[in-house]
Amino acid sequence: MKSFKLDAPKSLSQRVLLRLRQAIIDGEFVLGAAISEEMVAQSFGVSRTPVREALGQLQSQGLVVIKPQVGSYVFTPDAADIASLCSFRIIIEPRAAELAYRRDRAATVAAMEAAVADMKQAIADKDNVAYGRADTALHEAFFAHCGNRYLVESYQLVSGRVAALRTNFSSPIDVRTPASFDEHRRLLRWFERGDLASFETLLTSHISNSSKTYVRALQVA
């Protein structure tokens, strides 16, 4: 197992949590993979207690499944779970985007533009992890600027799983084909123009297509 670097002066369990969360999202731990408390503790240079605490919090975020007397594993979605997750996104993301447009259009557009630029670079580099991070940044911009903490907290319940699904299932395709990148550029264009009806129609289609991609990838995984 590779060594991990811990940054930022947060509590030990929080530092372990953030690093493990990113490792799952980035695919360093593949979906369904076992996570050994002892190996993670040794790699981080900490005791097993903060690792156990971090795994418990990751379980509450839906990223980890803890089986008593068996072990801890990265979550493994099924088709029904993916469908429910994407249906939730179709409900919540357009509303967050609408609020972000009305509350802070300029900052949201700037965040979307930065994410699109990062996607373009990731495609040039054939870097699916970087593409997934940029994709996540674009969608999370709506929640960062919507000004409604209940929408933010609701999205946080699924944001880690959404990001992990991107990296594992869609980003490897997205860096090779233009469809996803083109859709994100069109989302930016509609949002910037204030055509929220066209934006919502495209966003709904975009998320629905992602759901289909995840299910197909899951079937051949």
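The values are calculated or read from the model by the stated rules, or taken from the named source; none is laboratory data. Keep in mind that this is a model prediction, so the values were computed, not measured. Heads up, the Cβs are rebuilt from the backbone with ideal geometry, glycines too, and the neighbour counts pull from every protein chain shown. All accessible areas refer to the heavy atoms of the entire protein, side chains included, with ligands and DNA or RNA removed. Shrake-Rupley method; radii C 1.70, N 1.55, O 1.52, S 1.80 Å.
The residues of the range 134-221 present an accessible area of 45 Å² per residue when probed at 1.4 Å with all protein chains retained.
Taking amide H positions as modeled 1.01 Å from N, with prolines and chain starts lacking one, the residues under 5 Å from ILE35 and 5 or more places away or on another chain are SER72, TYR73, VAL74.
Taking all protein chains together and rolling a 1.4 Å probe, LEU31 ends up with roughly 40 Å² accessible. Measure nothing fancy, just the Cα-based angle from helix 179-193's long axis to the longest principal axis of the chain, in degrees from 0 to 90, nearest 10. Helix 179-193 sits at roughly 60 degrees to that axis. With the charge dipole of the chain set up from +1 on Lys and Arg Cβ and -1 on Asp and Glu Cβ about the Cα centre, the Cα lying farthest toward the positive end among the listed residues MET119, TYR73, PRO94 is that of TYR73.
A simple rule links phi to the HN-Hα coupling: the Karplus curve 6.51 cos²θ - 1.76 cosθ + 1.60 with θ = phi - 60°, which for the range 23-36 gives 5, 5, 4, 7, x, 5, 10, 6, 4, x, 5, 6, 10, 7 Hz, with x for Gly and Pro. Residues in the range 71-88 carry Karplus couplings, in order, of x, 10, 9, 5, 4, 10, x, 10, 4, 5, 5, 4, 4, 5, 4, 6, 4, 4 Hz; the curve used is 6.51 cos²θ - 1.76 cosθ + 1.60 with θ = phi - 60°, and Gly or Pro positions show x. Amide H contacts under 5 Å for VAL30: none, restricted to partners 5 or more places along the chain or on a different chain, H placed in the peptide plane at 1.01 Å from N.
Convert each backbone phi in the range 104-111 into a coupling constant with the Karplus relation 6.51 cos²θ - 1.76 cosθ + 1.60 (shift: θ = phi - 60°), then list the ³J(HN,Hα) values in order as whole Hz, x for Gly and Pro. So the J values, rounded to whole Hz, are 7, 4, 4, 5, 5, 4, 4, 5. Database remark: amide H of VAL158 closer than 5 angstrom to no amide H (H placed geometrically; neighbours at sequence offset of 5 or more, or on other chains; Pro and chain starts carry no H). Can you give me the % of accessible surface on the chain that is carbon or sulfur? Probe 1.4 Å, all protein chains present, nothing else counted. Heavy-atom surface of the chain belonging to carbon and sulfur, 1.4 Å probe: 52 percent. Once the Cα atoms are used to define both axes, helix 128-144 deviates from the longest principal axis of the chain by about 70 degrees. The alpha carbons of the range 69-153 occupy a box of 50, 36, 23 Å along the principal axes, longest dimension given first. For the range 1-145, the Kirkwood hydrodynamic radius from C-alpha pairs, put into Stokes-Einstein at 25 °C and a viscosity of 0.890 mPa s, yields a diffusion coefficient of 142 µm² per second. Rounded to the nearest 10 degrees, the inclination of helix 196-220 to the longest alpha-carbon principal axis of the chain is 40 degrees.
Between the alpha-carbon centres of the range 44-59 and the range 187-205 there is a gap of 41 Å. Estimated from helical segments only, the mean residue ellipticity of the chain at 222 nm is -23500 deg cm²/dmol, where each DSSP H run of four or more residues counts as -39500 (n - 2.57). For the chain, the number of Lys pairs with C-alpha atoms closer than 28 Å, counting only pairs eight or more positions apart or on separate chains, is 9.
Take each peptide in 100-109, 63-72, 128-137, count the other Cβ atoms within 10 Å of every residue, and average; sorted highest first, the result is 128-137, 100-109, 63-72. At q = 0.12, 0.13, 0.21, 0.22 Å⁻¹, what is the base-10 log of I(q)/I(0) for the range 107-204 according to the Debye formula with one equal point scatterer per Cα and no solvent? Please give it to two decimals. Here the Debye-derived log intensity ratios amount to -0.37, -0.44, -1.13, -1.21. Ranked from largest to smallest solvent-accessible area, with a 1.4 Å probe on the protein heavy atoms, PHE88, PHE142, PHE44 come out as PHE88, PHE44, PHE142.
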